[in-house]
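Below: the structure, in structure tokens.
The values are calculated or read from the model by the stated rules, or taken from the named source; none is laboratory data. Predicted model only: the values in this text are computed from it and were never measured. No Cβ is skipped: glycine too gets one built from the backbone with ideal geometry, and neighbour counts run over all protein chains shown. The accessibility values were calculated without ligands, DNA or RNA, using every heavy atom of the protein model including side chains. Shrake-Rupley method; radii C 1.70, N 1.55, O 1.52, S 1.80 Å.
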Amino acid sequence: MIPHNLPTLGREESDAAQRVIASNWLAQGKEVNEFESEFCSFLGIADGHAVAVSSGTAAIYMALWALYAQNKNIAIPAYVCSSLRHAIGMIDGNENIIDVGVNSPNINIEKLEQANPDIAIIPHMFGLPVDFSKLKNIKIIEDCAQSLGAKINGVSTGLVGDIGIFSFYATKLITSGGQGGMIVSKNIDFINEIKDYREFDCRRDHKKRFNFQMTDLNACIGRVQLKKVNKFIKTRETIFQRYKQAGIELIDSCEFEPVRYRAVMRTKNPTDIIKSLNRAGITAIIPIEDWELLGQLPIALNLSRSTVSLPIYPSLANDDLEKIINIVR
């Protein structure tokens, strides 16, 4: 079976995990600190401006918390994973659902501007960066769960808005052992507040905090994966371009420097294509089903019903790639 997603793990990740296990220190510690520092270096931001957490969803919640989002109007796209809605619910914010742009999986910036929320969570869907530079007086959380390594005018996604969040879930561009997330900001005050919130135990002031810490076991795997991310990105680009060369119409509306988190094709017959691939032992999916949409808005609904996501992970064999292409064609 050729899966739709597959983490690219090897001996280096195994050795790192064994090293941490042998150390008898598994909780947040030295590995987490090093992962945060190396992540800053990768993004090109000063050391100390990243906070590792337990998941991407936790990262969104903590970013909202740092922006005092309770009872605030928070705009999010209809076409996105449910984590955004869950985080807004936990912070007691008021969600404002915005449709996506025409020919784009990303939030419609003009409609977002018209809505004029207090805060907007802007995902860079499928690794395609969205330009939100025209927005004024809106606090921006960049959801970079799918865009690690992408850039807007030479600046890494996550550093353009007020706060950036990343996910290291098993299917993402890199993983920290199945779960994990990172929060970044050029504003050190946000980072210090978030770190204070994360350090929940043995505090004398009795402020409300919560355990969203990443473990050293997760961090050591994330560190190895981060060293490989540029190679991963290059391999994904090669696969993406091979699909395009084969005449498969992929969503690729981006004027900036994307990463190929997904190879999403447009089609009038998504169900037929998925079934045909399945019969050949290949898993393809609808990226976001219509019942998963956060709002039944017209462009998002049409996008959901006219797309199929094809395998594009770095360890996808060339023979398997050609098999997928032949069946789709």
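Within the straight-line cut-off of under 24 Å between alpha carbons, the lysines reachable from Lys234 are Lys151, Lys172, Lys244, Lys323, sequence neighbours fewer than 8 places apart in one chain being disregarded.
Does the stretch 111-244 classify as rounded, prolate or oblate by the C-alpha gyration tensor (a ≥ b ≥ c root eigenvalues; a/c under 1.5 gives rounded; else a/b over b/c gives prolate, otherwise oblate)? Since a/c reaches 1.5 but b/c is at least a/b, the shape of the stretch 111-244 is classed as oblate. Is the stretch 6-52 rounded, prolate or oblate when judged by the Cα gyration tensor, a ≥ b ≥ c being the square roots of its eigenvalues, rounded requiring a/c under 1.5 and prolate requiring a/b larger than b/c? Oblate shape, in that a/c is at least 1.5 and b/c is the bigger or equal ratio. Extents of the stretch 215-263, taken as max minus min of Cα coordinates on every principal axis and listed largest first, are 44, 20, 14 Å.
Apply the a/c threshold of 1.5 to the C-alpha gyration tensor of the stretch 232-329 and tell me whether it is rounded, prolate or oblate.
Judged from the Cα gyration tensor, the stretch 232-329 comes out oblate (a/c at least 1.5, b/c at or above a/b).
Sorting 316-329, 72-85 by average packing, meaning the other beta carbons within 10 Å per residue, from highest down gives 72-85, 316-329. Taking only protein heavy atoms and a 1.4 Å probe, the accessible area of the chain is 48% carbon and sulfur. Measuring between their Cα centroids, the stretch 1-58 and the stretch 141-207 lie 13 Å from each other.
Per residue, how much accessible surface does the stretch 1-112 expose to a 1.4 Å probe? Answer in Å², no decimals.
Working: 4990 Å² over 112 residues.
I get 45 Å² per residue for this part.
Taken over the alpha carbons of the chain as equal point scatterers, the Debye sum produces base-10 log I(q)/I(0) values at 0.08, 0.12, 0.15 Å⁻¹ of -0.37, -0.83, -1.26.
Semi-axes of the equivalent ellipsoid of the stretch 28-134: what are they in whole Å, largest first, if each equals the square root of 5 times a C-alpha gyration tensor eigenvalue?
27, 18, 12
Of the DSSP H helices in the chain, those with a Cα length along their own long axis of 24 Å or more and a mean Kyte-Doolittle hydropathy reaching -1.0 comprise 216-245. Secondary-structure-derived ellipticity at 222 nm for the chain, considering helices only, amounts to -11500 deg cm²/dmol, per-run term -39500 (n - 2.57) for DSSP H runs with n ≥ 4. What percent antiparallel are the DSSP beta bridges of the chain, to the nearest 5? Antiparallel bridges: around 55 percent, rounded to the nearest 5. Summing +1 for each Lys or Arg and -1 for each Asp or Glu among the other residues whose beta-carbon sits under 12 angstrom from that of Lys186 gives -3.
Highest first, please rank the peptides 257-265, 34-42 by the mean number of other Cβ atoms sitting within 10 Å of their residues.
Final packing ranking: 257-265, 34-42.
Looking only at Ile109, Ile188, Ile233, which one moves most when the chain is put into a Gaussian network model with springs between Cα atoms under 10 Å? Fluctuation is largest for Ile188.
Peptide packing: for 147-160, 16-29, the average count of neighbouring Cβ atoms within 10 Å per residue gives the ranking 147-160, 16-29, highest mean first. Spin-label model, Lys268/Gln18: points 7 Å from Cα along the beta carbon direction are separated by 5.6 nm.
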